[in-house]
Amino acid sequence: MNGIVRHKGDILNILFLTLSSMEDIEQGGIYTDLVRELASTGINMYVVSPREKRANLPTKLIRKDNIHILLVRTGNITKTNFIEKGISTISIERQYLAAINRYFKGVHFDMLMYATPPITFEKVVRHFKDKHDSRTYLMLKDIFPQNAVDMGLMKPGSLIYRYFRKKEQKIYTISDYIGCMSPANVAYVLKNNPEIDEGKVELFPNTIKVMPHNSTQCSYEIREKLGIPTDKIVFVFGGNLGIPQGIDFLVDCIYELRDYKQAYFVIVGDGTERDRIEAKVKQLQLNNLSLLRHLPKADYDRLMFECDVGLVCLDKRFTIPNYPSRTLAYMDMALPILAATDNASDIRVLLNETQCGLWAYSGDREGFKEQVRVLCEDRVMRTKMGQKGRRYLEEHFDVSRSVGIIAGHLDLV
């Protein structure tokens with residue numbers, strides 16, 4: 001291929017496309033951990049990540065050893081309204097391709113890895129698949145546009161739905177491999193897209209770099225600093241506060257538990273629903289909930305360690321099997337999990353099989369409140385659940401599993 005420069009020794013190059021922030025490659029996360037671990041095998045990683053308009057920062061290339069991070073100035077994709085997010089999502093394909101051709105000119109990519117959201121990487125993927133004969137790997141984290149239909153943000157059969165559905169089908173077609181987060185995800189994709197060769201759809205779970213567990217005695221230092229009671233069982237929700245999380249259900253349950261003195265709740269995060277949820281919390285005058293917008297990472301990690309139960313919440317309207325990555329964070333801290341989700345998610349299956357937590361339907365307030373009481377009143381059970389979750393994480397959700405899958409598709413094993 002004219003103009004293509006291969007690295008010395010034919011070292012493999014992977015182009016990694018994501019909408020997640022990769023400003024700090026050392027920070028823990030399902031994508032940062034995966035990129036670092038792949039790079040540790042000697043693969044050159046070329047990462048493309050957005051710098052949203054609100055940051056008012058230019059496109060920038062950062063290099064750390066054999067990891068090249070291209071931060072591309074884009075429109076606002078997160079924490080914004082549906083219309084702006086849609087326009088920015090459509091535009092990102094052109095912005096990414098232009099930036100890659102400018103900053104990574106002459107680099108031959110052996111594989112492209114890309115995650116949904118969004119589904120609009122199809123032209124970028126096709127460009128390099130045709131030009132470089134690259135292998136293409138879709139990490140399916142979000143089934144769009146059906147999730148927007150489930151949340152009432154888009155009408156099935158509408159013009160915008162048909163546009164994005166066509167984009168979704170194109171990205172499935174052009175992908176050599178489609179990695180799904182859970183068995184239910186695999187089944188859903190194949191059932192609803194019968195044209196897909198089932199041989200290219202596989203399980204590719206969320207994974208993290210599992211580090212030795214810190215068993216330091218809990219001092220409740222951060223609890224005291226943040227005004228969180230030290231004499232109660234604390235349930236923590238950490239992450240995005242958007243429509244998919246169905247936080248209204250959680251807040252309603254917390255309100256109905258206001259006279260149950262053993263439990264206290266902490267919600268940490270930001271997102272499109274943050275301001276509305278804050279207004280609701282103030283209106284209800286909840287004395288059993290702390291709503292925190294942002295914490296330094298060290299304080300956030302310490303708070304997680306000092307809490308007793310991790311919360312997973314999903315809107316009851318979902319028909320697609322979501323599998324929230326925050327589950328791994330709770331397992332990492334050896335926290336038992338209380339999940340309130342729709343019936344489509346197979347988080348319930350995970351909790352039942354591993355005995356690392358309890359589940360309730362996210363439309364059943366009485367069921368959720370009963371699970372809260374069960375967890376509050378059995379400390380031994382909480383400890384055992386946390387330990388089982390931690391062991392399962394070590395055995396099944398370490399990033400080495402993801403690296404092994406990719407290495408297999410690159411003929412490295």
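The values are calculated or read from the model by the stated rules, or taken from the named source; none is laboratory data. Please read these numbers as outputs of a predicted model, since none were measured by experiment. Cβ atoms come from the backbone with ideal geometry, glycine included; neighbour counts cover every protein chain shown.
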> Filter segment 217-255 for residues that are touching a Ser or Thr at 6+ places or on another chain (Cβ under 9 Å) and among the small types (G, A, S); which is surrounded by the most Cβ atoms within 10 Å (Cβ to Cβ)?
Replying inline: G246
> Taking interchain pairs and intrachain pairs at least six residues apart, which have beta carbon atoms under 9 angstrom, with the first residue in segment 391-413 and touching a residue at least 60 places away in the same chain (Cβ under 8 Å) and the second of a type in the set (K, R) and crowded, with 18+ Cβ neighbours inside 10 Å?
Replying inline: V399/R36; H409/R135; L410/R135
>> Condition check: among the acidic types (D, E) and either farther than 24 Å from N185 by Cα or not assigned by TED's automatic domain parsing to the domain that holds I171 (or both). Does D142 satisfy that?
In response: no
>> Restricting to segment 201-216, count the residues that are buried (at least 16 other Cβ atoms within 10 Å of the Cβ), of a type outside the set (F, W, Y) and not in a strand (DSSP E or B).
In response: 5
>> I want to confirm something. Restricting to segment 165-193 and keeping residues that are out of contact with any Leu (no Cβ under 8 Å at 6 or more places or on another chain) and of a type in the set (S, T, N, Q), which single residue is nearest to A407 (Cα to Cα)?
In response: T173
> Which residues, taken from segment 295-339, are more than 25 Å from S20 (Cα to Cα) and of a type in the set (G, A, S)?
Replying inline: A334
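Residues checked against (1) surrounded by 22 or more Cβ atoms within 10 Å (Cβ to Cβ); (2) within 17 Å of the chain's Cα centre (by Cα):
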site	(1), (2)
K261	no, no
T272	no, yes
Q285	no, no
L289	no, no
L292	no, no
P336	yes, no
> Here are some residues: A187, A148. Which one is crowded, with 18+ Cβ neighbours inside 10 Å, in a helix (DSSP H, G or I) and of a type in the set (G, A, S)?
Replying inline: A148
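Being in contact with a Leu (Cβ under 7 Å, 6 or more places away or on another chain) and farther than 30 Å from L38 by Cα narrows it down to one of E221, E256, E273, so name that one. Steps first, please.
On the way: E221 fails: in contact with a Leu (Cβ under 7 Å, 6 or more places away or on another chain); E256 fails: in contact with a Leu (Cβ under 7 Å, 6 or more places away or on another chain).
Criteria check complete, one pass: E273.
Would you check which residues across segment 348-378 are among the small types (G, A, S) and either touching a Pro at 6+ places or on another chain (Cβ under 6 Å) or touching a residue at least 60 places away in the same chain (Cβ under 8 Å) (or both) and list them?
Within segment 348-378, the subset among the small types (G, A, S) is 357, 360, 362-363, 367.
Within segment 348-378, G357, S362, G363 qualify.
Listed here are the residues, each with its yes/no results for (1) of a type in the set (A, V, I, L, M, F, W, C); (2) under 30 Å from D301 (Cα atoms).
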{"position": "M139", "(1), (2)": "yes, yes"}
{"position": "M151", "(1), (2)": "yes, no"}
{"position": "F164", "(1), (2)": "yes, no"}
{"position": "E168", "(1), (2)": "no, no"}
{"position": "Y188", "(1), (2)": "no, no"}
> Is it true that I222 is within 19 Å of M333 (Cβ to Cβ), assigned to a loop (DSSP other than H, G, I, E, B) and in contact (Cβ under 8 Å) with a residue 60 or more places away in the chain?
Replying inline: no
> Applying the selection to segment 104-132, what residues are of a type in the set (F, W, Y) and outside any helix (DSSP H, G or I)?
Replying inline: F104, F109, Y114, F121
> Going through segment 54-87 one residue at a time, which ones are closer than 19 Å to R102 by Cβ and outside any strand (DSSP E or B)?
Replying inline: L57, P58, T59, G75
>> Filter segment 359-374 down to the residues that are under 10 Å from A339 (Cα atoms) and not in a loop (DSSP other than H, G, I, E, B) and list them by number.
In response: W359, A360, Y361, F368, Q371
> In segment 345-380, how many are at pLDDT below 95, buried (at least 17 other Cβ atoms within 10 Å of the Cβ) and of a type in the set (G, A, S)?
Replying inline: 1
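Take the residues in segment 46-88 that are of a type in the set (S, T, N, Q) and farther than 13 Å from L17 by Cβ, then tell me which one is surrounded by the most Cβ atoms within 10 Å (Cβ to Cβ). Reasoning before the result, please.
Residues of segment 46-88 that are of a type in the set (S, T, N, Q), as a first pass: 49, 56, 59, 66, 74, 76, 78, 80-81, 88.
Retained after the next criterion (residues that are farther than 13 Å from L17 by Cβ): 56, 59, 66, 76, 78, 80-81, 88.
Details: N56: 8, T59: 16, N66: 17, N76: 16, T78: 18, T80: 17, N81: 9, S88: 22.
Residue satisfying both the conditions and the ranking: S88.
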>> Residue under question is L328, and the condition is that it be in contact with a Pro (Cβ under 7 Å, 6 or more places away or on another chain) and either assigned by TED's automatic domain parsing to the domain that holds F249 or modelled with pLDDT under 95 (or both); does it hold?
In response: no
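In segment 151-180, what residues are farther than 23 Å from K85 by Cα and not in a helix (DSSP H, G or I)?
The initial filter retains those residues of segment 151-180 that are farther than 23 Å from K85 by Cα, namely 173-180.
If the condition is that a residue be farther than 23 Å from K85 by Cα and not in a helix (DSSP H, G or I), then S175, D176, Y177, I178, G179, C180 are the ones that fit.
Please determine whether any residue of segment 264-280 is in the same structural domain as V309 (by TED's automatic domain parsing), within 19 Å of E377 (Cα to Cα) and among the small types (G, A, S). Reasoning before the result, please.
Let us first name the residues in segment 264-280 that are in the same structural domain as V309 (by TED's automatic domain parsing), namely 264-280.
Filter again for within 19 Å of E377 (Cα to Cα), leaving 264-266.
Okay, now just the ones that are also among the small types (G, A, S), so none.
Within segment 264-280 (the criterion being in the same structural domain as V309 (by TED's automatic domain parsing), within 19 Å of E377 (Cα to Cα) and among the small types (G, A, S)), the answer is no, since none of the residues qualifies.
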